[in-house]
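Single-structure report; data block below.
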Amino acid sequence: MTQQVPVTIPFVDLTLQHQPIQAQLEQAIQTVIQRGDFVLGQALAEFEAAFAQASGVEYGVGVASGTDAIALGLQACGIGAGDEVILPANTFIATLIGVRDTGATPVLVDCDPDTALIDLSAVPKAITTRTKAIIPVHLYGQMVSPTQLLELANTYNLLIFEDAAQAHLAQREGYHAGSVGIAAAFSFYPSKNLGAFGDGGMLITKDAGLATKVRSLRNYGSPRKYFHPDEGKNSRLDTLQAAVLNVKLPHLAGWNQSRNLIAQQYDALLAPLKTQGIFPLQNHSSTGHIYHIYVIRISADCPVTRQVIQEELAEQGIQTGIHYPIGCHLQPAYEDLSYKVGDFPHTELLCQEILSLPMYPGLSEVQINQVVDSLKNLLKTRSIALISG
Ligand SMILES: *Cc1c(COP(=O)(O)O)cnc(C)c1O
């Protein structure tokens, strides 16, 4: 029987985030209980306005999840069956689910192996007469270049719909995540940089008409009670969740900043491992990268495999992750899209090489050093073992 190793450095630790604001969180929940406005209540309206404003746009519409924010947002843009939507193969599956929910056809493209973000130079080849929109995914907390996106969208007359589920308040080239395109989707899944106590999401936009449309779609397709001009669904962000998010929002910029500083420390400490084939993904956004996830690559040049590295770190109580081990194009559920192994070589390469290290506000310098030292030590002992056979 294998012994249970106690976790010394978890992958994420939410208690550190909640402890200092626990009293405020409880008070906010109490207030909702007293008011009793559990659905489409006051705290939701407040949070929608505050989050949209923080992201540099006018309107926010709270929905049940990030996935629904994508689906309802695209639907409100008039996208549906017969249309094509371009998105990266290297993303969390929810981006694809959101597109499929509308009836539109997802068209995948490869990523840039240095950043893991969508390769915009691969987009033109994927465009057809049916293409309506592109979904840049601001993956791991780094934005896809807004200037390059806008240029591409102008040239080919595409709508930009941002998947900002990992990029709350991220910035690049003077733009906030969610302010580049016609609209953007955010998720408040508990472990996202801004997380609720359950599921939640939001559509944000500068377009008043689009916001009105999503407000109707999330609420049974009714702009007013018992009148249903749109085919909608029930997908609202709970008032209780919004109350929690209202307490957390003022802390978000500080939390993001601390993630960015942790990433800088990892970058510096890991630099010597480049010669052994281990290096982080590139950051082109400087402090605008909010590091939802900190990802390193363990390339073919590394004398130790990723699997061994991950297992040995786990044995020392250090949790790591792989985001994501299988490209969307190779997921069994989407066989009907007819993609095959080899279609997106950069995505497939990253699936083999990436490893996500512990990352959360409050991760201490001692712990960061511990993670990197463990990595260095196991490389040393394993490499020696390999040489001496
Ligand atoms: C989390 C996430 C989503 C989906 O959000 P949910 O709230 O879990 O539905 C969509 N896209 C990306 C890139 C995500 O990381």
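What strands (runs of 3 or more DSSP E) completely inside region 19-120 contain at least 3 residues that are of a type in the set (D, E, K, R), in the same structural domain as residue 232 (by TED's automatic domain parsing) and at positive phi? Output list is empty.
Of the candidates 134, 182, 160, the single residue that is under 22 Å from the mean Cα position of the chain (by Cα), buried (at least 24 other Cβ atoms within 10 Å of the Cβ) and not assigned by TED's automatic domain parsing to the domain that holds residue 322 is 134.
For region 206-221, the set of residues classified as in a helix (DSSP H, G or I) and either surrounded by 19 or more Cβ atoms within 10 Å (Cβ to Cβ) or near the ligand (Cβ under 10 Å from one of its atoms) (or both) consists of 210, 211, 213, 214, 215, 216, 217, listed by residue number.
Residues that are outside any helix (DSSP H, G or I), among the hydrophobic types (A, V, I, L, M, F, W, C) and surrounded by fewer than 16 Cβ atoms within 10 Å (Cβ to Cβ) within region 270-305 comprise just one, 300. Give me the residue from region 138-157 that is at positive phi and in contact (Cβ under 8 Å) with a residue 60 or more places away in the chain and, out of that set, surrounded by the fewest Cβ atoms within 10 Å (Cβ to Cβ). Only one residue tops the list, namely 140. For region 306-346, filtering for residues that are outside any helix (DSSP H, G or I), more than 23 Å from the chain's Cα centre (by Cα) and closer than 24 Å to residue 277 by Cβ leaves 3. Set side by side, the residues 237, 245, 203, 194 differ, and just one is in a helix (DSSP H, G or I), among the hydrophobic types (A, V, I, L, M, F, W, C) and either within 14 Å of the ligand (Cβ to nearest atom) or in the same structural domain as residue 145 (by TED's automatic domain parsing) (or both), which is 245.
Residues that are within 25 Å of residue 173 (Cα to Cα), more than 18 Å from the chain's Cα centre (by Cα) and surrounded by fewer than 18 Cβ atoms within 10 Å (Cβ to Cβ) do occur in region 56-69, at least one of them. Screening region 168-178 for residues that are under 18 Å from residue 253 (Cβ atoms) and out of contact with any strand residue (DSSP E or B) (no Cβ under 8 Å at 6 or more places or on another chain) and picking the one that is farthest from the ligand (Cβ to nearest atom) gives 174. Test residue 353 against the criterion of being over 19 Å from residue 108 (Cα atoms), among the charged types (D, E, K, R) and surrounded by 17 or more Cβ atoms within 10 Å (Cβ to Cβ), and give yes or no. Judged against the criteria, residue 353 is a match. Of all residues in region 64-82, those satisfying the criterion of being more than 16 Å from residue 181 (Cβ to Cβ) and not aliphatic (A, V, I, L, M) are 65, 67, 68, 80, 82.
The values are calculated or read from the model by the stated rules, or taken from the named source; none is laboratory data. All values reported here derive from a predicted model rather than from experimental measurement. As a convention, Cβ positions derive from the backbone with ideal geometry for all residues, glycine included, and neighbour counts pool all protein chains shown.
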